[in-house]
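Okay, structure first, notes after.
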Amino acid sequence: MIKTYFLNKIAQKPGTLAFALSLILLSTGLPAQNQGAAQNKVDLAPINPVALRAGKSIPMVFTFHIKPGFHINSNKPSAEELIPTQLGFSPPQDLVIAKVEYPAGELKSFPFDPTQKLSVYSGDLAIKAVIIAQNNAAPGTYTVHGEFKYQACDNNACYPPKKLPVDFNVQVQKGTAHAARVRPNKQSPHIH
């Protein structure tokens with residue numbers, strides 16, 4: 001309605017119609033571009049609940065999908081000014097997240113500087129870690145909260161750094177008592 005009002009007003013003045021039309025076309029195109037820039041360039045694959053006994057550990061893999069046409073800096077970028085990809089956790093007191101392992105980045109050059117190779121991730125990214133339940137962990141369900149920090153880029157520009165929540169549940173079961181050690185007897189198992 002507002003656009004129509006301004007169009008009518010501008011159409012009454014010669015030579016301003018073209019300007020008004022171009023202004024309207026630009027203004028209607030901007031929200032679509034801003035929406036594209038605001039969308040996540042990286043998604044987290046669903047994480048199944050984890051179950052383990054107190055005093056035990058279990059390996060996990062966190063899989064992130066980087067959208068086609070985008071890349072993110074590796075955990076060890078090739079230049080100091082680049083923002084590294086990081087996966088961090090705030091586990092409950094009874095759990096420990098250890099041995100977070102990032103894959104090596106792929107060295108690629110881009111049109112903005114074909115002479116420099118950057119260490120990046122694209123496609124699917126799998127980050128490994130180990131979940132450890134403390135020996136004295138009480139049985140129950142624990143929620144682990146984490147954050148995946150990254151900066152996505154395409155062939156022409158980099159976007160503001162983002163944080164993607166990484167939350168999952170861990171079911172801790174009661175630990176098992178140590179089995180009594182069985183000592184071999186001195187008797188030979190062979191029949192004499």
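The values are calculated or read from the model by the stated rules, or taken from the named source; none is laboratory data. Remember, predicted model here, so these are calculated numbers, not experimental data. Heads up, the Cβs are rebuilt from the backbone with ideal geometry, glycines too, and the neighbour counts pull from every protein chain shown. Accessible surface is based on the protein model in full, side chains and every heavy atom, while ligands, DNA and RNA are left aside. Shrake-Rupley method; radii C 1.70, N 1.55, O 1.52, S 1.80 Å.
List of remarks:
- Environment charge at Arg53 (Cβ cut-off 13 Å; Lys +1, Arg +1, Asp -1, Glu -1): +1
- Only Cα pairs under 8 Å and 6+ residues apart enter the sum, and on that basis the relative contact order of segment 98-146 stands at 39 percent.
- Projecting label points 7 angstrom from Cα along Cα→Cβ for Lys128 and Asp154 puts them 3.5 nm apart.
- For the pair segment 47-79 / segment 106-150, the C-alpha centres are spaced 4 Å from each other.
- Label reach from Lys67 (point 7 Å along Cα→C-beta): in segment 99-137, amide nitrogens under 14 Å belong to 123.
- For Cys158, the solvent-accessible surface computed with a 1.4 Å probe is close to 70 Å², ligands and nucleic acids excluded.
- Placing Ile83, Ile131 in order of accessible area, with the largest value first and a 1.4 Å probe, yields Ile83, Ile131.
- The Stokes-Einstein estimate for segment 46-124, based on a Kirkwood radius over Cα pairs and taken at 20 °C with 1.002 mPa s viscosity, is a diffusion coefficient of 142 µm²/s.
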